[in-house]
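This report concerns only the one structure given below.
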Amino acid sequence: MSHTIGLACIIDDDSMYVNLVKKIIETKNLCKNLMVFQNGKDALNYFEVILSNLDKSNIPEIIFLDLNMPVMDGWEFLENFTNIKNKLEKTITLYIVSSSINPVDIEKAKTINSVKDYLVKPVTIEDLEAIFLNETI
Amino acid sequence: MLQNELFNNVIRDLNTGYWELHVDPFKEIWSEKFYENLGFNKKELKSNIDYFLEHLIHKGDVDVFRDNFLNYRNNSINFKQHIKIKTKQGGYKLFRCATNDELPVNIKSEINLIFFFEVKLEPEQDISKDNFYYKETAQMTATGSWYVDFHKRKSYWDFETRRILEYPDDYIPSLKDSARYYAKDCRQQAADLFFNCAMAGTPFNTEIKMVTANKRVFWVRAIGKPVYNENKEIIGIRGVFQDIDDIKTKELRLEKSIDIIASQNSRLFNFAHIVSHNLRSHTSNLSLLVQLIEGIDDPQEKIGLIKEIKQISSSLNITIEHLNEIVAIHTNKDQEKKPIKFQDALNLVTSGIGQTIAVSQTKISADFSELEEINYIAAYLESVLLNLITNAIKYKHPDRNPVIEINTYIEDNKKYLKVSDNGRGIDMKLFKDKIFGMYKTFHYNKDAIGIGLFITKNQVESLNGSISVESEVDKGTTFIIEF
């Protein structure tokens, strides 16, 4: 029996992209709640607060992380996030979603444990559906 | 007859004296040039071999020459020999003696001849053959030799060392002040080399900058090795200095152009990356939008989404404009440079953004007294100042009004512009490599675009300059441009 994802998280500074993904999630009813952070720093601050409260309902099940962002980029977020993730006692699936097709980036992503997959923009609606459905099994 | 004429012409041109050896009667005839080269006239000397051996030839050469001469006269055995002959002034001149067959030119003569080719030497030189070749080599390769005598605490230079270091011939080098023969930034290196050679016997072979008597800095190859006495103690250092300034200057110029090419290459690569990345983010949004439109049935909602295309198209246009701006920098760099007063450029910039400066209560203090003007592309200088000033205002510290200090100066013959602010600063540990990248922003400002410093860097580098930054969070940021 499947359940719908409760909370997903997008960390991306491209507001157009975020709006479109939001729209797709709404239209396809892929998850109940979505939170958005414009850069790694904002997201990290959020997770640090969560860690002190340990309110599991506010922990997203899926994270879509962009790489190129101001203030704190995706790589730096990942460095800090790996520590936090282990303490959260909840499975979080993290996808990198970037427009970078630089092989160096793709290889680097493969070496990081907490990264499930590397998606190159543009993502398709089918991709998003598959990810959300996969998570619900 | 013809042969004789040729022969006479040859020896006249050679400026060479000679003897004719006659069998009968038993005598030698000395040519006019022979007397002339020694400074005597005919009547002052007796032209026979015994007189020559006794009065004219140097004692050290007598025995060999007598044997050669007699062998030649009696048995026609040709010979070649260097001899020193006394001149009228009382000194000795060096001659190369040669007989008919030993001559480089083919002269056939009925009479046996001995030629005396004068070997010209510098007056202070010891008259010796080896010394002559040594000197030629030294001059042709611009290599001077030297010796440091630890026992006498003295250093000795040869003529060529004096020449390449532009000191007069009678200059006595100082061992105590020897540091001053080296360029300031090479003195430690020189001291280390000599110390190691003197103490540990480590020979050296290095390129180093020296200073001539006329304060000209130039590159030499310095080679030195220890000199030992019978007890295996180091008693001095012997070595050479070779003037390699031409080669080294070319090498350094080549290195510099390689650096420029490498930096241009990396900028091109960066640019290609930027083009790819920035265009992709728009096209991927466009493709996502199209998918969304296709998947929606409600016509009203579809129309709503089509409006988003307008938004993407305008962002795409802005990106393309930014890219054009950067391309323009590289095509504009051949524009004519003109002398521009820094103050004029600053006035133009501050009047253009007078409103912003007034509203933010920014104080700008400028001092261009050290360097008032520069040969530059006016539009670039204005753009650089504009970017740095607007950045300083945009990222001012929340607790204080912006204060911007601008000044110019010259250091080591290089021209600099320095712009410092008291703004919120940039965390250098996090952003050092990214400050000048495109679309890199480090603050939460809404109007941060991340294009200004990227353009500034491109403008400065397209004219072979460089820009660097120092910053501390909450203290401020300083940009230094080297022209």
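Laboratory data are not the source of any read-out in this text; all were calculated from the coordinates shown. All values reported here derive from a predicted model rather than from experimental measurement. All Cβ positions, glycine included, derive from the backbone under ideal geometry; neighbour counts span all protein chains shown.
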Can you give me the distance in nm between label points at B:ILE410 and B:LYS232, each placed 7 Å from the Cα along the Cα-to-Cβ direction? 5.7 nm
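Partner chain Cβ atoms within 10 Å, averaged over the residues of A:13-24 - can you pull that number for me?
Numbers: counts 3, 5, 3, 11, 7, 1, 5, 11, 3, 0, 9, 6.
The shielding value for this peptide is 5.
Tell me the net charge near B:THR141. Cut-off is 14 Å between Cβ atoms, B:THR141 excluded, with +1 for each Lys or Arg and -1 for each Asp or Glu.
On the way: positive: B:LYS135, B:ARG163, B:ARG221; negative: B:GLU136, B:ASP158, B:GLU160, B:ASP243, B:ASP245, B:ASP246.
Once all neighbours under 14 Å are counted, the net charge is -3.
Work the Kirkwood hydrodynamic radius out for chain B: mean of 1/r over every pair of different alpha-carbon atoms, inverted, in Å. Write down the numbers at each step before the final one.
Values: mean 1/r = 0.0319 Å⁻¹.
Kirkwood radius, chain B: 31.3 Å.
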Residue order, fewest to most surrounding Cβ atoms within 10 angstrom, among B:LEU175, A:LEU20: B:LEU175, A:LEU20
When only Cα pairs under 8 Å and 6 or more residues apart are kept, what is the percent relative contact order across the stretch A:39-137? 26 percent
How compact and how long is the stretch B:336-396, expressed as Rg and Dmax of its alpha-carbon atoms in Å? 12.1, 36
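Taking every residue in B:307-318, how many Cβ atoms of other protein chains lie within 10 Å of its Cβ, on average?
Values: counts 0, 4, 0, 0, 3, 3, 0, 0, 3, 0, 0, 0.
Taking the mean over all residues of the peptide, I get 1.
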Taking every other residue with Cβ under 12 Å from the Cβ of B:PHE150 and scoring Lys and Arg +1, Asp and Glu -1, one gets +2
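Taking the Cβ-Cβ separation of B:ASN324 and B:PHE269 as r and a Förster radius of 25 Å, what is the calculated FRET efficiency to the nearest 0.05? Don't jump to the answer; show the numbers that get you there.
On the way: r = 19 Å, r/R0 = 0.76.
Once rounded, the FRET efficiency stands at 0.85.
Per-residue ellipticity at 222 nm for chain B, helices alone: DSSP H runs ≥ 4 residues times -39500 (n - 2.57), over residue total, nearest 500 deg cm²/dmol?
Working: 13 runs with 201 residues, N = 483.
Counting only the DSSP helices, I get -13500 deg cm²/dmol.
Excluding A:ASP66 itself, what net charge comes from residues whose Cβ is under 10 Å from its Cβ, given Lys and Arg +1 and Asp and Glu -1? Could the numbers behind the result be given before it?
Numbers: positive: A:LYS121; negative: A:ASP12, A:ASP13, A:ASP14, A:ASP73.
Combined, the nearby Lys, Arg, Asp and Glu give -3.
Which FRET efficiency value, to the nearest 0.05, is calculated for B:ILE293 and B:ILE258 with the Förster distance at 45 angstrom and r the Cβ-Cβ distance?
According to the calculation, E is roughly 0.30.
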So what's Rg/Rh here for the stretch A:1-80, counting alpha carbon atoms and using the Kirkwood radius for Rh? 0.98
Distances over 37 Å make up what percent of all Cα-Cα pairs in the protein assembly as shown? 64 percent
